[in-house]
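Student: Structure provided below as structure tokens; questions to follow.
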Amino acid sequence: MSLDDAGAGLSALARAKWLRALAMAATDYKTATSPLLKAKALKARNEARLALGLGRAAPAVAQESAPEVREPRKATSQFYEFDPNRKHAQRKKDNAEAMALLRKIDAGELAPDQLTDADKAALAKYSGLGGALTGADGKTGSAYEYYTPKPIAEGIWAMLGELGFSGGKVLDPCAGVGIFGATAPLSVAVDAVELNETSGRINGLVNGGPGYTATVSPFEKVADATPDEQYDAVAVGCALTRSHL
């Protein structure tokens, strides 16, 4: 739908109001000086687009498709702990325990659907190979690999809530072991993508179920196969380092 046809069912005054709001949101986004201001501008833009009928599914398609019935996503945040004092040696031990559980599953000694809460908590302690730890494939990680701590993930969800986000379909494009999905509100359906096989498998074993998918793949491959405008939000932690780029 073009702007000329937008808001056809609205009064002239209401249509002018929302067109003006759409234009102001576009300007605010271009001039925003922080991620928070950009997010607010995007929220205002989306509200205006919805009011004007832009990007809304055609009624005929909605009538032909049966409404999707979703089971609620299960709570998994309790499996993820935050210990700011965890040292390199403890991380190495936790990683070894998680990889040992994966080997048991691979050997058929333990079925994924028989994992106990203690097993899932042990898997969730896997923290990647940052700090030159060695993975299941024998490769050593980067000194700068960083898995987002639980408080930061919880803070980002809190910020989204303050911006008006109450639920929907969310993409986690570099999910690690799934901290963003685990801490998401239960009103959120999560599609998680992770390149590393160990982390991605753990994500699926701990969080997988109704409303949560975990895919082990390069994100570019998933993106190429995914239509645009499928998600209401994207949750991701950026890599942090002291190095200058």
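Student: With both partners inside the chain, how many of the DSSP beta bridges are antiparallel, as a percent to the nearest 5?
Tutor: Taking every DSSP beta bridge within the chain, about 15 percent pair in antiparallel fashion.
Student: Is it possible to state the helix-based mean residue ellipticity at 222 nm for the chain, with each DSSP H run of 4+ residues giving -39500 (n - 2.57), the sum divided by total residues, to the nearest 500 deg cm²/dmol? What is it?
Tutor: Helices in the chain give a 222 nm mean residue ellipticity of -13500 deg cm²/dmol.
Student: Hey, another quick one. Could you work out, for region 120-187, what percent of all Cα-Cα pairs fall into each 5 Å distance bin, beginning at 0 Å and stopping at the bin that holds the largest distance?
Tutor: The percentages, shortest bin first, are 3, 14, 21, 23, 16, 11, 7, 4, 1.
Student: Treating only the Cα positions of the chain as identical point scatterers, give the base-10 log of I(q)/I(0) from the Debye formula at each q in 0.10, 0.11 Å⁻¹.
Tutor: These q points yield log10 I(q)/I(0) values of -0.60, -0.70.
Student: List the residues, sorted by chain then number, that are 5 or more residues from TYR212 or on another chain and whose placed amide H is less than 5 Å from its amide H.
Tutor: So TYR212 has HN proximity to VAL190.
Student: If each of ALA118 and ALA143 carries a label point 7 Å out from its Cα toward its Cβ, how far apart are those two points in nm?
Tutor: Using points 7 Å along Cα→Cβ, the separation is 3.9 nm.
Student: Oh, and also: Heavy atoms of the protein only, probe of 1.4 Å, neighbouring chains included. What is the accessible area of ASP137 in Å², nearest 10?
Tutor: Ignoring ligands and nucleic acids, ASP137 comes out at about 100 Å².
Student: If you restrict to DSSP beta bridges whose two residues both lie in region 142-245, what percentage is antiparallel, to the nearest 5?
Tutor: About 10 percent, rounded to the nearest 5.
Student: For a quick check, take a GNM of the chain with Cα springs below 10 Å and name the residue from GLN78, GLN114, GLN90 with the largest mean-square fluctuation.
Tutor: GLN114
Student: Can you sort GLU81, GLU47 by solvent-accessible area, 1.4 Å probe, largest first?
Tutor: GLU81, GLU47
Student: Now for a different question. P(r) for region 153-192, please, calculated from all Cα pair distances in 5 Å bins and given in %.
Tutor: For region 153-192, the pair-distance distribution reads 6, 26, 35, 25, 7, 1.
Student: Give the cross-link partners of LYS93 among the aspartates and glutamates, using a straight C-alpha distance below 17 Å as the criterion and excluding same-chain residues fewer than 8 apart.
Tutor: Of all the aspartates and glutamates, those that pass the test against LYS93 - Cα under 17 Å, at least 8 places apart if same chain - are GLU81, ASP83, ASP119, ASP137.
Student: What does the charge dipole of the chain about its Cα centre add up to, to the nearest 20 debye, if the Cβ of each Lys and Arg holds +1 and the Cβ of each Asp and Glu holds -1?
Tutor: Dipole size: approximately 820 debye.
Student: What aspartates and glutamates does LYS38 reach when the alpha-carbon gap must be under 16 Å and sequence neighbours fewer than 8 apart in one chain are set aside?
Tutor: Result set, ordered by chain and number: ASP28, GLU47, GLU162, ASP232.
Student: OK, next. Can you sort GLU97, GLU229 by 1.4 Å-probe accessible area, starting with the largest?
Tutor: Ranked list, largest accessible area first: GLU229, GLU97.
Student: Additional query: Would you mind calculating the relative contact order of the chain from Cα pairs under 8 angstrom and at least 6 residues apart, reporting the percent as a whole number?
Tutor: 17
Student: So with the 1.4 Å probe, I'd like the accessible area per residue for region 149-245, rounded to whole Å².
Tutor: Per residue, region 149-245 has 52 Å² of solvent-accessible surface.
Student: Still on this structure, please answer the following. Taking region 101-245 as the region of interest, what is the percent of Cα-Cα pairs per 10 angstrom bin, listed from the shortest bin to the one with the maximum distance?
Tutor: 11, 39, 36, 14, 1
Student: Expressed as a whole percentage, what fraction of the accessible surface of the chain belongs to carbon and sulfur atoms when a 1.4 Å probe is rolled over the protein heavy atoms?
Tutor: Whole-percent figure for carbon plus sulfur exposure: 56.
Student: How much FRET efficiency would the formula 1/(1 + (r/R0)^6) give for LYS30 and ASN85, where r is the Cβ-Cβ distance and R0 is 45 Å, rounded to 0.05?
Tutor: Once the sixth-power term is evaluated, E becomes 0.55.
Student: OK, next. Excluding same-chain residues fewer than 8 positions from LYS221, which lysines have a Cα within less than 27 Å of its Cα?
Tutor: List returned: LYS139, LYS169.
Student: Related question: Quick one: check the C-alpha center-to-center distance for region 85-154 versus region 190-219, whole angstrom.
Tutor: 14
Student: How would THR31, THR76 line up by accessible area, probe 1.4 Å, largest first?
Tutor: Ranked list, largest accessible area first: THR31, THR76.
The values are calculated or read from the model by the stated rules, or taken from the named source; none is laboratory data. Owing to the predicted nature of the structure, the values given are computational and were not obtained by experimental measurement. Every residue, glycine as well, gets a Cβ built from its backbone with ideal geometry; the counts of neighbours run over all protein chains shown. All accessible areas refer to the heavy atoms of the entire protein, side chains included, with ligands and DNA or RNA removed. Shrake-Rupley method; radii C 1.70, N 1.55, O 1.52, S 1.80 Å.
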